[in-house]
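The values are calculated or read from the model by the stated rules, or taken from the named source; none is laboratory data. Because the structure is a prediction, the values reported are computed rather than measured. Side chains included, ligands, DNA and RNA excluded: accessible areas come from the protein's heavy atoms. Shrake-Rupley method; radii C 1.70, N 1.55, O 1.52, S 1.80 Å.
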Amino acid sequence: MTRLYDYWRSSASYRVRMALNLLGEGFAAIPVDLLQAEQVGAENLVRNPQGLVPTVEIDGLTLTQSLGIIEYLNDTRGGLLPADAPGRARVRALSYAVAMEIHPICNLRVGRYVEAASAGAITMAGWQKKFIGEGLAAVEGMLNHPATGRFCHGDQITMADLCLLPQVYNARRWEVDVTSQVQICRIVAELEPIPAIAAAHPDKVKP
């Protein structure tokens, strides 16, 4: 049985839950409570030396980093990246724009550090709104492209969609106004009702 060590509200974990669901890959979810700092506990560090989530045990392997996991799932099961090299490059660019540009600086540990280091001059909410807002505005620009279809790239769900949706979930949590981002709102509206996607939503897996 595939095992997913995750936290219900983790964006990276959310991506992997959606990927596994879309591929029909059954898995056992084992929670790692970030609020209790279980991610940096000895047990999790054995699995994931970075002290992060998610970690997946699959095919006799232990894999970390959500995009690396999704790429592995695509390589072994297919369906999460386009078949053509230009398409894969575009999907990776969209994915990285979220997972490598927005997500790392909007991680709660970064926001908490900034708030503490600035003695409250920079608030967590202000930090999140600035960088999520600016980041998603840039993604919206990238989606104004002929290759955008029903989803981020064409009419098939790809890794880019799996990165976008959790980031919009976070935007809503922090009351970032994305209503002017027409492509993002349209794509999210297409994604949310899909059963495999809906089943991975944090509210559905919250302990």
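Numbers for the structure displayed
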| quantity | calculated |
| --- | --- |
| Proximal aspartates and glutamates relative to residue 130, as straight alpha-carbon distance under 12 Å, when same-chain residues fewer than 8 apart are discounted | 175, 177 |
| Amide H within-cut-off set for residue 151, under 5 Å, with H built and near neighbours excluded | 156 |
| Per residue solvent-accessible surface (Å²) - segment 56-178, probe of 1.4 Å | 46 Å² |
| Viscosity 1.567 mPa s, temperature 4 °C, Stokes-Einstein D of the chain from Kirkwood C-alpha radius, µm²/s | 74 µm²/s |
| Evaluated at q = 0.22, 0.24, 0.27 Å⁻¹: base-10 log I(q)/I(0), Debye formula over Cα of segment 145-199 | -0.85, -0.99, -1.19 |
| Sum of -39500 (n - 2.57) over DSSP H runs of 4+, divided by residues of the chain (222 nm, nearest 500) | -15000 deg cm²/dmol |
| Accessible surface of the chain [probe 1.4 Å, protein heavy atoms]: carbon and sulfur percent | 56 percent |
| Long-range amide H partners of residue 6 with built H, under 5 Å | 30, 32 |
| Space enclosed by the convex hull of the alpha-carbon atoms of segment 1-48, per residue, Å³ | 70 Å³ |
| Percentage of interatomic Cα-Cα distances in segment 1-115 larger than 18 Å | 53 percent |
| Selected from 160, 97, 85 as most flexible by GNM, with the chain as the system and alpha-carbon contacts under 10 Å | 85 |
| Among 168, 53, 182, residue whose mean-square fluctuation peaks in a GNM of the chain (springs only between Cα atoms under 10 Å) | 182 |
